[in-house]
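Written out below as structure tokens is the structure these notes cover.
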Amino acid sequence: MNAQELAKQLRNIGPKTAQMLLDSGIESREQLVDIGAEEAFMKIFENGKMSFGPHAAFLYALEGAIQDCDWREIGEARKREFKLFTKGLRDEMG
């Protein structure tokens, strides 16, 4: 599968993010659902494919792809979890 095909299967995910997923070993929606947004984020982050620092909005997009909904529909509690998650990563980075 290529990035264009994967992007078509995942809401909120464009070809660049789809390529990041592929480069990190995530090749299908099913794999993304199985590992969850945080683990997928960490695979991409640790793979060095993220050209930006830890940002919660990236997690919103991944979660929307998992839930098959627009990222704006992600609940506030889940968004808070993602904000804390990325803050913790930024704090670790110094």
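The values are calculated or read from the model by the stated rules, or taken from the named source; none is laboratory data. Since the model is a prediction, treat every value here as computed from it, not as a measurement. No Cβ is skipped: glycine too gets one built from the backbone with ideal geometry, and neighbour counts run over all protein chains shown.
Test Ile44 against the stated conditions and say whether it is at pLDDT below 95, in a helix (DSSP H, G or I) and buried (at least 16 other Cβ atoms within 10 Å of the Cβ). Before the answer, list the steps.
Working: at pLDDT below 95: yes; in a helix (DSSP H, G or I): yes; buried (at least 16 other Cβ atoms within 10 Å of the Cβ): yes.
Here the answer is yes, as Ile44 does meet what is asked.
Return the only residue of Asn12, Asn2 being among the polar types (S, T, N, Q) and exposed (fewer than 13 other Cβ atoms within 10 Å of the Cβ). Reasoning before the result, please.
Details: Asn12 fails: exposed (fewer than 13 other Cβ atoms within 10 Å of the Cβ).
From the options Asn12, Asn2, the qualifying one is Asn2.
Looking at region 25-53 only, could you name the residues that are within 9 Å of the chain's Cα centre (by Cα) and farther than 19 Å from Cys69 by Cβ? Give the steps one after another, and end with the answer.
First pass over region 25-53, keeping only residues within 9 Å of the chain's Cα centre (by Cα): 32, 36-42, 44.
Answer for region 25-53, where residues must be within 9 Å of the chain's Cα centre (by Cα) and farther than 19 Å from Cys69 by Cβ: Glu39, Met42, Ile44.
If the Cβ limit is 6 Å and pairs must be 6+ apart or interchain, which residue in region 69-92 that is over 16 Å from Phe45 (Cα atoms) pairs with which residue that is loosely packed, with under 15 Cβ neighbours inside 10 Å and among the aliphatic types (A, V, I, L, M)? The qualifying pairs do not exist here. Here are the criteria: (1) more than 18 Å from Lys16 (Cβ to Cβ); (2) crowded, with 16+ Cβ neighbours inside 10 Å. Tell me which single one Val33 does not satisfy. With (1) more than 18 Å from Lys16 (Cβ to Cβ); (2) crowded, with 16+ Cβ neighbours inside 10 Å applied to Val33, the lone miss is (2).
Contact map, region 11-34: first residue over 18 Å from Ile74 (Cα atoms), second residue assigned to a loop (DSSP other than H, G, I, E, B) and basic (Lys, Arg), Cβ cut-off under 7 Å, separation 6 or more or different chains; pairs are Met20/Lys49; Asp23/Lys49; Ser24/Lys49.
Checked against (1) of a type in the set (A, V, I, L, M); (2) under 11 Å from the mean Cα position of the chain (by Cα); (3) closer than 17 Å to Asn2 by Cα; (4) part of a helix (DSSP H, G or I), Leu22 passes all but condition (2).
Specify which of the listed residues (Ala65, Ala7) is surrounded by 12 or more Cβ atoms within 10 Å (Cβ to Cβ) and either touching a Lys or Arg at 6+ places or on another chain (Cβ under 8 Å) or part of a loop (DSSP other than H, G, I, E, B) (or both). It would help to see each step written out before you state the result.
On the way: Ala7 fails: either touching a Lys or Arg at 6+ places or on another chain (Cβ under 8 Å) or part of a loop (DSSP other than H, G, I, E, B) (or both).
Result: Ala65 is the single residue among Ala65, Ala7 that is surrounded by 12 or more Cβ atoms within 10 Å (Cβ to Cβ) and either touching a Lys or Arg at 6+ places or on another chain (Cβ under 8 Å) or part of a loop (DSSP other than H, G, I, E, B) (or both).
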